[in-house]
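Every number here is computed from the coordinates shown, using simple stated rules; none is lab data. Predicted model, so just to flag it, every value in this text is computed and none were measured. No Cβ is skipped: glycine too gets one built from the backbone with ideal geometry, and neighbour counts run over all protein chains shown.
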Amino acid sequence: MGEVFAPYKWAALAERWPDILAAFGTTVGISALALVIALALGFAFGVLSVSRHRVLRIVTRVYVEVVQNIPLLLQVFVLYAVFPLLGLSLASFWIGVLAIGVYHGGYISEVVRSGIGSIHRGQFEAARSQGFSPVQTMTLVILPQAMRIILPPLAVQAANLVKNTSVLALIAGGELMYFSNSFAGDTSYYGPAYVAAAVLYFAICFPLSRAAVYLEHRMLVHRHVATGDASEELASDPVEVTPGSHDITGHAAAEALAGGVGTMMEGATLLVPARQAPSPRHPLHAWDAAGECDGSGDAPFTGCQAAEIAADFGLEAAQEALAASDGDRMRAWQALHTRAGRRRLGHGRPGAGAGRTMPHGALPRPRRRRGPARGKRGRSGR
Amino acid sequence: MSDVLSLLTWVNIRFMLEGLGLTLVISALSIACSVALGAVLSILRGSRLRVLRGLSMAYVELFKNTPLLLWIMFTFFVAQLPPLPAAVLAFTLFTSASVAEIVRGGLAGVPVGQYEAARSQGFSAPQMYLFIILPQALRNMVPALLSQFVTTIKDTSYLWGAMALQELMGRGMILMNSYNSTTQIFALFALMALMYFVVCFALSQVVRAYQRRLRGDW
């Protein structure tokens, strides 16, 4: 063993330091570019995978399953063979970026999907009841909350991505692993070549996986603060996959493994048992008695009921507006949906104006939205 | 079309299936060894001795943060083992780090009362783990272990490039040498992809079904 790591071999490796540095740079470059592609694809497909449109869900499912169940190396080889066929000569650098980006895009999409799935369905219903469009709901309400859950496995994914760039050694990718292989092959100084590569890979991946652990920890603490009793349940949850053990972590992973094509709405209640049974001091308990929205009387309060209440208010408002505008549906509609219509109705019939008799907050929001701040205020007021 | 059909002879298919067999054997052996090593590592992780805890953590961090391909090269070229043992050793080293984390998660899922009850009944520490704790933990670990199995199956595709071991990928590449039309080459790629996909997808469906059952129990 001593001979394998003889000092003169190390010296020979040290002489090649500019090449090592270049190879290391290539690895970092491929990783960074591939990560950008993977994040873009991952978030796009992750959001689409909870879409209400069946076709979109199926498309994302197919993408994820194909990418996750075929070896990365095979995908790289196929791309390597496809491009010359299309008359494109792509450097193996870019083939690597593309293949690894697409591959990890599938994994990140699952991470994003399970992150979204772990957000309580009440959040979706509340956002919709406050008049957020689906896109707004996702970008302003759901994703910001889901990020806490998405980030830890995302860091694990980033570390995996860096590790997976090593497959490009087999198509002469010019990155770190390729350099080690060719140096080892040229000189037969295998020991130092691979140890140096191990150290350099470790230098990139270790901070990433520590970040994952830190973020996971922070998420658990945060959740504990938010719900009063979540972390205990989370810690003792047997299906929880611990950080780094797999490509995804936590509850999210368990759900991702189990979920299949199931939609977000189905997954949401199963996913976060801690939130299903909040502590007695949780404000949502006050609503327990009314919890018959989905047919089960003992279900905790969900945004579903909020939506129902809002719908009741809305119906009332609509009926009043209709009465106030003498059965003219068009005018009633304008009174409900436009500020001008409401003013006209109120102005035309003093004392019977829709805008005055109805509580402001209960009115469906006018078409022109003021942005999310108003929705948030309304929600916390309740 | 006919050149694709000329490819799909029983001889060729069998040739590929043998490769798939080797892939599965290597993966299964590696997973079995990894579970043993991973269980030891995660029990050491909970040890009272600081040194043992540190060693276990260092091991996990080392193998979690370096590429598998590197360890395949290492066992083959540096340790100079014959291909098959080198492959199994490399996979075991690499996978056991992940499995250790899975086992740790599984152990954490066993209620503390089970440990206490075992100790109160006079079980020694090894007996306690072997007869009481691990069997219960295993139930919760099965899905994650199977996912790890899928990952390992996919990763065995490195073995042809690294040490010319004729697993599924290798068999496909060998066949590719004797066919030279573009259609045939892509048909071979598709065949390889399909075989990997069928095995991995089936396994991941098992994982899902198992998860669903686990969840249904509660």
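General remarks:
- Peptide B:68-80 has a mean of 6 when you count, residue by residue, the C-beta atoms of other protein chains within 10 Å of its C-beta.
- Dipole magnitude of the stretch B:84-218, debye to nearest 20 (Cβ charges: Lys/Arg +1, Asp/Glu -1, about Cα centre): 300
- For the residues of A:62-72, the average number of beta carbons from a partner chain within 10 Å of their own beta carbon is 5.
- Cα centre as origin, Lys/Arg/Asp/Glu Cβ charges: the stretch B:1-124 dipole, Debye: 580
- Order of B:W160, A:W94 under a 10 Å beta carbon neighbour criterion, fewest first: A:W94, B:W160
- Each residue in A:S133, A:S51 was given a count of other beta-carbon atoms within 10 angstrom of its own, and listing them fewest first yields A:S133, A:S51.
- Global geometry of the stretch B:165-209, whether rounded, prolate or oblate, following the gyration tensor of its Cα atoms and the 1.5 cut on a/c: oblate
- Screening chain B for whole DSSP H helices of 27 Å or more along their axis (Cα) with average Kyte-Doolittle hydropathy at least 1.0 returns B:10-45, B:83-108.
- Once both labels are positioned 7 Å from their Cα atoms along Cα-to-Cβ, the gap between A:V66 and A:F5 label points is 4.6 nm.
- Charge dipole of chain B about the Cα centre (unit charges at C-beta), most positive-ward option of B:P83, B:A118, B:I31: B:A118
- Gyration tensor verdict on the stretch A:48-130 (Cα atoms; rounded if a/c is under 1.5, prolate if a/b is larger than b/c, oblate otherwise): prolate
- Each of B:L130, B:A202, B:P67 was scored by the projection of its Cα onto the charge dipole of chain B, and the greatest displacement toward the positive side belongs to B:L130; charges sit on the C-beta of Lys, Arg, Asp and Glu.
- Exposure proxy ranking, count of Cβ atoms within 10 Å, fewest first, for A:F132, B:F201, B:F131, A:F124: B:F131, B:F201, A:F132, A:F124
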